[in-house]
Amino acid sequence: EDQVTQSPEALRLQEGESSSLNCSYTVSGLRGLFWYRQDPGKGPEFLFTLYSAGEEKEKERLKATLTKKESFLHITAPKPEDSATYLCAVQNHNTDKLIFGTGTRLQVFP
Amino acid sequence: EAQVTQNPRYLITVTGKKLTVTCSQNMNHEYMSWYRQDPGLGLRQIYYSMNVEVTDKGDVPEGYKVSRKEKRNFPLILESPSPNQTSLYFCASSFFSGSPYEQYFGPGTRLTVT
C-alpha cells in the first residue's frame with residue numbers, strides 16, 4: 001500500500017536556526033514527489049517536484065532532496081515568514097494517484 | 001491571473017439538505033480533483049476527472065457526486081450531507097495526470113453539517 005509519513009509533526013525554530021523536514025514514502029512506482037506549503041486557512045501552494053533519486057531543487061531558503069525511500073526539505077536560516085505547514089505527496093506511476101502525508105507544522109520565532 | 005476558484009468559501013448546513021460546491025479553473029487543465037482535509041488524516045482524494053465527461057472515484061467517494069460537463073468546471077455535490085462530511089474541501093487542477101505536473105489548489109471550502 002502506498003504511504004507517506006512526515007516527521008516531525010511540529011517543529012519550532014529560532015530565526016536563523018537551520019533544520020530539515022523528513023518525508024518517508026513507500027510507493028509501487030514513483031512518478032514524482034511533491035512538496036507543498038500550506039498557510040492557515042489557505043490551499044496548498046506548490047514548491048517542488050522531484051522525479052528521481054539524487055535530484056535536488058532549491059528555492060530561496062528551501063532545498064529539497066530525494067532518495068529512493070525519503071525526501072528532505074532543508075530550511076537554511078529560516079525567517080518568521082517561513083512559518084507554515086509543509087506537505088509532502090507522492091504520485092503513483094501505475095495509478096496516477098497522489099498520496100499526501102499529514103504535514104510538518106513549522107513555526108519560526110524572531 | 002491563473003487560479004482555481006471555489007464557492008462558497010464557508011457553508012453551514014443541516015443534515016440531508018443537498019448542496020453543491022463549485023470549482024472553476026482558468027488554466028485549461030485537463031485534470032481536476034477534489035480533496036477533503038481533516039486533522040490528523042491529511043488530504044484525501046474524493047473524486048477526480050481526467051477530462052470532460054471522464055470522472056473516477058478517489059479514496060473516499062462515499063456520499064459525494066461530481067460532474068465534468070465543461071473543462072473549466074468541476075462541481076462537488078453532496079446529495080444528503082451528514083455530520084461526518086464536516087471538513088475542509090479543496091479543489092485542484094493540473095495538466096494531464098499522466099505526467100507529474102504539480103497540482104494547483106483552490107482556497108478551500110469549510111463545510112459544517114449539523
Per-residue Cβ contact counts at 10 Å, fewest first, order A:Glu81, A:Glu1, B:Glu1 as B:Glu1, A:Glu1, A:Glu81
As a Kirkwood estimate from alpha-carbon pairs, the protein assembly as shown has a hydrodynamic radius in angstrom of 18.0
One quarter of the C-alpha convex hull surface, i.e. the mean projected area of region A:40-99 in nm², amounts to 4.9
For A:Lys59, counting only lysines whose alpha-carbon sits under 30 Å away and dropping same-chain residues fewer than eight positions off, the answer is A:Lys42, A:Lys68, A:Lys69, A:Lys79, A:Lys97
Rounded to a whole number, the mean other protein chain Cβ count within 10 angstrom for residues of B:77-86 is 0
Relative contact order as a percentage, region B:48-92, C-alpha pairs under 8 Å and 6+ apart, gives 28
Computed ³J(HN,Hα) along region A:51-64: with the Karplus parameters 6.51/-1.76/1.60, θ = phi - 60°, integer Hz and x for glycine or proline, the list is 9, 8, 4, x, 6, 9, 9, 10, 8, 6, 8, 9, 9, 10
Quick calc of log₁₀ I(q)/I(0), region B:62-114, Debye, one scatterer on every Cα, no solvent, q values 0.18, 0.19 1/Å, result -0.74, -0.80
Ranking A:Trp35, A:Leu47, B:Leu41 by how far each Cα lies towards the positive end of the charge dipole of the protein assembly as shown (+1 on Lys and Arg Cβ, -1 on Asp and Glu Cβ), the top one is B:Leu41
Of region A:62-99, those with amide N under 16 Å from the point 7 Å along the Cα→Cβ vector of A:Gln14 are A:77-80
Taking every other residue with Cβ under 14 Å from the Cβ of B:Arg68 and scoring Lys and Arg +1, Asp and Glu -1, one gets +1
With 0.36 nm assigned to each residue of separation and the Cα-Cα distance removed, B:Asn73 to B:Val52 gains 6.6 nm
About its Cα centre, chain A carries a charge dipole, from +1 on Lys and Arg Cβ atoms and -1 on Asp and Glu Cβ atoms, whose size in debye to the nearest 20 is 80
Highest GNM mean-square fluctuation among B:Tyr101, B:Tyr48, B:Tyr89, for chain B with Cα springs under 10 Å, belongs to B:Tyr101
Semi-axes of chain A from the Cα gyration tensor (sqrt of 5 times each eigenvalue, largest first, whole Å) come to 24, 14, 11
Averaging 1/r across every pair of distinct alpha carbons in region B:1-86 and inverting yields a Kirkwood hydrodynamic radius, in angstrom, of 13.5
So, relative contact order of chain B in percent, Cα under 8 Å, 6 or more apart, is 36
Excluding residues fewer than 8 positions from B:Lys17 in its own chain, the aspartates and glutamates with Cα under 16 Å of it are B:Glu79
Distance in nm between B:Asn26 and B:Val14 label points, each 7 Å along Cα→Cβ, equals 3.8
Rounded to one decimal in nm, the spacing of the 7 Å Cα→Cβ label points at B:Lys65 and A:Glu81 is 4.6
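Quick note: the coordinates plus some simple rules give every number you see, no bench work behind them. Predicted model, so just to flag it, every value in this text is computed and none were measured. Neighbour counts are summed over all protein chains in view; Cβ atoms, including those assigned to glycine, are modelled from backbone coordinates with ideal geometry.
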